[in-house]
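Since the structure comes first, as structure tokens, the remarks are kept for the end.
The values are calculated or read from the model by the stated rules, or taken from the named source; none is laboratory data. Everything quoted here is computed from the prediction, not taken from an experiment. So basically every Cβ, Gly included, is an ideal-geometry build from the backbone, and we count neighbours across all protein chains shown.
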Amino acid sequence: MKEGTLGHWPMFMMLTLSVGLSSHVIVLPAVLDVSMRDAWMCGLLAFVVIVPWLAIFVYGPIKRTKQANLREWLRSRLSPAGAWLVVAPVLLFLLVTSFQSYVETTAWTSATFLPLTPEIVVQTVMMMLIASAALCGLRSIAFVSCMLLPVVVILGDFVMSANMPHKNYSVLLPMLEHGWGAPMHGMLYALSCAMEIFLVIFLQHYLKHPIKLWQIVTFSGFIMILMTGPTIGAITEFGPIEAEKLRYPAFSQWRLVSIGKYFEHVDFFAIFQWMSGAFIRVSLGLNLMMELIPVRGRKGRAWFVGILGVIYIVLANVLAKMMIQAEHVIRLVFIVDLVLIVLVTTTIWLLSFHGLPKGRSSDGSQQRQTGAGDDVHASNNL
């Protein structure tokens, strides 16, 4: 994809579906488990923390790098080994988050809607769709997001409004029943999701116009709303004790929807919501990995996606047959993601204060120094 060809709206819609799946669906069981009745406060607390972090560690480097391709920008300031030390944690983050979303989605599909279909079939079909999107490029992923997100938002508003008769907001009180420890613990998982906005740093060179701080902050606020909404819904509809036990709180709310006597069992709409987020999240992860390595040429990119897709399918099957507690693994993944994001953004922030080393161009190549002897030789030739 050519640089400077993507608008702000397509990029934000793409990131909304990607980050939204994590904050709206995957992280909710962990937040409800550790924060219980106060889980709805975690998103609000995370927003208070993340605003100054965005201003300093995300917008600061974006402003100082001036929409540069960050991989090339790192090469211009560091040795090849040094640049890889910065890029490697980002690759690990993309690998872990995309694989986690892929496993969660296929396991949920097999457990809820397609229990009689072999799980390998679900995994293979989904990976084929994801691989095709990743190979089409970032522009295609962004424009598909523009078509999917409005429908996802409308469906979310629908399930929220339809379940109003089932909600009891009094169960949100008393606040801080167990002190500040519980919501602060849950805030760590909320921060892990919200901080995925740092990917804007690696997408900035695709934008037509420079991004503004207020746009990043507004986007982070919308992500926090995506987390707070289903958290409040789960607590008020099922109660804090029962909500804590739910494996898929956001999906469970769809099963309560009923309008009149004849309009119910509309939880199949949840398939569209979840699949939209997973499709964009995993394909975006694969595409960014190819850009950061980088993988050149159609054949090379096809081999990369094909090999990684087979690895995902094999590992997903292995994990499906292992007796592991998914909740503990999810918690560990989010903490690892949080550490990686803080490490990478802090490193880039520190590097953004340093200019180009002498004798090196902006694309990372060595510049030839012209000496006095070269000037004399050039004048003699003239």
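When the test is whether a residue is within 17 Å of Val34 (Cα to Cα) and either small (Gly, Ala, Ser) or modelled with pLDDT of 90 or more (or both), Ile211 does not pass it. Taken together, Ile154, Ile141, Ile232 contain a single residue that is β-branched (Val, Ile, Thr) and closer than 28 Å to Pro52 by Cβ, which is Ile232.
One residue stands out among those in the stretch 115-129 that are surrounded by 14 or more Cβ atoms within 10 Å (Cβ to Cβ) and farther than 22 Å from Ser252 by Cα: the one that is farthest from the chain's Cα centre (by Cα), which is Ile120. Can you find a residue that is surrounded by 17 or more Cβ atoms within 10 Å (Cβ to Cβ), at pLDDT 90 or above, closer than 30 Å to Thr228 by Cα and of a type in the set (S, T, N, Q) anywhere in the stretch 150-172? No; the residues of the stretch 150-172 include none that is surrounded by 17 or more Cβ atoms within 10 Å (Cβ to Cβ), at pLDDT 90 or above, closer than 30 Å to Thr228 by Cα and of a type in the set (S, T, N, Q).
Being surrounded by 12 or more Cβ atoms within 10 Å (Cβ to Cβ), assigned to a helix (DSSP H, G or I) and at pLDDT below 90 holds for only one residue in Ser140, Ser110, Ser132, Ser145, and it is Ser110.
Identification of helices (runs of 4 or more DSSP H) wholly contained in the stretch 247-355 with 1 or more residues that are surrounded by 21 or more Cβ atoms within 10 Å (Cβ to Cβ), touching a His at 6+ places or on another chain (Cβ under 8 Å) and modelled with pLDDT under 95 yields 249-254, 269-292.
Starting from residues that are small (Gly, Ala, Ser), within 30 Å of His328 (Cβ to Cβ) and at pLDDT 90 or above, keep the ones in the stretch 52-107 and report whichever is farthest from the chain's Cα centre (by Cα). Out of the qualifying residues, it is Ala88.
Pairs meeting the criteria (first residue in the stretch 242-267 and under 20 Å from Asp157 (Cα atoms), second residue among the polar types (S, T, N, Q) and at pLDDT below 85, beta carbons under 6 Å, at least 6 apart or on different chains) are Glu264/Ser258.
Restricting the stretch 202-218 to residues that are out of contact with any Leu (no Cβ under 7 Å at 6 or more places or on another chain) and part of a helix (DSSP H, G or I) leaves a set whose member that is surrounded by the fewest Cβ atoms within 10 Å (Cβ to Cβ) is Trp214. Taken as a whole, the stretch 75-88 holds no residue that is in a helix (DSSP H, G or I) and either crowded, with 23+ Cβ neighbours inside 10 Å or in contact with a Cys (Cβ under 9 Å, 6 or more places away or on another chain) (or both). In the stretch 276-294, the condition of being aromatic (Phe, Trp, Tyr), within 24 Å of Tyr59 (Cα to Cα) and within 21 Å of the chain's Cα centre (by Cα) is met by no residue.
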